[in-house]
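First comes the structure, then the notes that go with it.
The values are calculated or read from the model by the stated rules, or taken from the named source; none is laboratory data. On a predicted model such as this, the values are computed, not experimentally measured, just so you know. As a convention, Cβ positions derive from the backbone with ideal geometry for all residues, glycine included, and neighbour counts pool all protein chains shown.
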Amino acid sequence: VITGVRFRAVPVHAADDYRLTGESLRKTIEELRAKGLEPFYLTVTLGTTDTCSIDDFDSIADVLAELAPPTQDPATTTAAATNGVDGTTVNGHAETTNGGSGSSSGGDHRGEIWVHVDAAYAGAALVCPEHQHLAAAFGRFHSVNTNLHKWLLTNFDCSALWVRRRGWLVDALAVTLAIVRNDYSDAGLVTDYRDWQIPFGRRFRALKVWFVLRSYGVRGLQDHIRRHVALGDMFAALVRGRPDLFDMVAGPRFALTVFRLKGKGKGTGPASADDDDDKEPTLEDQNAVTKQMHDLVNAEGKIFLSSTVVGGVFAIRHCPASRLVEETHVRKHFDILVEAAEKVLA
Ligand SMILES: Cc1ncc(COP(=O)(O)O)c(C=O)c1O
């Protein structure tokens, strides 16, 4: 988007739990190629922002192995694609589609697609062995990012980027100006991070990560993640325990629960199994009452809710992934929500 390159959103669906699948990607790549556009970059996500969905990495990697297999020299191919005028990027989960049609220089210039795994929030969970299977396919992709400032107790900002082959970055970004040359770099004795990025300088963030690691230890970090996951599961169980008031939309996953208000039928009161006269609430009805409840809770100001719209559904997000949150707070959140729901549905 920033470089003005066209991008295409790959559709995701509620039936797939909002995860990007290989089949959906296949369709998008084929549509793009039919228009003479060549995708060269894809973002997949471990823990999407809206619903914390986990893309179907294996099927995505399988489709790419078939449609965009690695070329003999990936660094050269990636650089060529980036410079190409008719390239396009493919973005998992974006809400809007921008462009997609355009001129083509023609010819078969299909190449490997750089796949970046956005694990900004949920990547922190990989400190726990029980979540590490989620990263099994990472070796089939090109880069991964986790923001340690999101869920790993590090002060803002600190985003850790892993790349499968640093040579890909260095080949594209290294600058050998006279002013930065020195014997140690020339001898290959140091890692010059200026060659991994566009700016020369970067802030020193490693020390604060070191302090976090030393303060908490691996066990401490694991306990921190597990505590939040358990609180999220507990909250989701409370929501499920009131099917008369709430519908689950997604989760619980990585402490995030996404839900909506049950809604009421068109002026007939809440739908109920034992009252045949009640009409099923429409999507618009449910969206309206959920938004009403969301606004009411935020206006009261005891807790602050965030919301999202997925597949046309307006939903409330609850995520107790904050260092000082305890079970008693989460129960209190739920009480506040029940009280507001009952007011709105009354
Ligand atoms: C999955 C995901 N990716 C990226 C971001 C944004 O990260 P950054 O602040 O590094 O741009 C967020 C949320 O802020 C997120 O949830």
More than 16 Å from the ligand (Cβ to nearest atom), surrounded by 15 or more Cβ atoms within 10 Å (Cβ to Cβ) and either modelled with pLDDT of 50 or more or within 29 Å of GLY251 (Cβ to Cβ) (or both): is that true of VAL127 in this structure? yes
Among the residues of segment 77-88, is any within 20 Å of LYS27 (Cα to Cα), assigned to a strand (DSSP E or B), at pLDDT below 95 and within 16 Å of the ligand (Cβ to nearest atom)? no
Quick one: would you say ILE54 is touching a residue at least 12 places away in the same chain (Cβ under 8 Å) and within 16 Å of the ligand (Cβ to nearest atom)? yes
Quick check on segment 108-115. Is at least one of its residues at pLDDT 90 or above and either of a type in the set (Val, Ile, Thr) or more than 18 Å from PHE40 (Cα to Cα) (or both)? yes
Within segment 297-306, how many residues are out of contact with any strand residue (DSSP E or B) (no Cβ under 8 Å at 6 or more places or on another chain), of a type outside the set (Phe, Trp, Tyr) and surrounded by fewer than 17 Cβ atoms within 10 Å (Cβ to Cβ)? 6
Of all residues in segment 146-165 being touching a strand residue (DSSP E or B) at 6+ places or on another chain (Cβ under 8 Å) and near the ligand (Cβ under 9 Å from one of its atoms), which is nearest to THR45 (Cα to Cα)? ASN147
Output yes when any residue across segment 205-216 is modelled with pLDDT of 90 or more, not in a helix (DSSP H, G or I) and not hydroxyl-bearing (Ser, Thr, Tyr), and no when none is. yes
I need the full set of residues from segment 1-21 which are within 19 Å of LEU64 (Cα to Cα) and polar (S, T, N, Q), in order please. THR21
Among residues belonging to segment 90-107 that are within 15 Å of the ligand (Cβ to nearest atom) and in a loop (DSSP other than H, G, I, E, B), point out the one that is modelled with the lowest pLDDT. GLU95
Out of (1) touching a Pro at 6+ places or on another chain (Cβ under 8 Å); (2) touching a residue at least 12 places away in the same chain (Cβ under 8 Å), the one HIS329 does not meet is (2)
Could you please find all residues in segment 22-49 being hydrophobic (A, V, I, L, M, F, W, C), more than 15 Å from the ligand (Cβ to nearest atom) and more than 13 Å from LEU64 (Cβ to Cβ)? LEU32, ALA34, LEU37
Between a residue in segment 130-148 that is over 14 Å from ARG164 (Cβ atoms) and touching a residue at least 40 places away in the same chain (Cβ under 8 Å) and any residue that is assigned to a loop (DSSP other than H, G, I, E, B) and hydroxyl-bearing (Ser, Thr, Tyr), which pairs come within a Cβ distance under 7 Å, given they are 6 or more apart or on different chains? LEU148/THR154
Residue list for segment 29-41, restricted to those being buried (at least 22 other Cβ atoms within 10 Å of the Cβ) and in a helix (DSSP H, G or I): ILE29
Hey, could you check segment 10-21 for residues that are of a type outside the set (D, E, K, R) and within 16 Å of the ligand (Cβ to nearest atom) and say which is surrounded by the most Cβ atoms within 10 Å (Cβ to Cβ)? LEU20
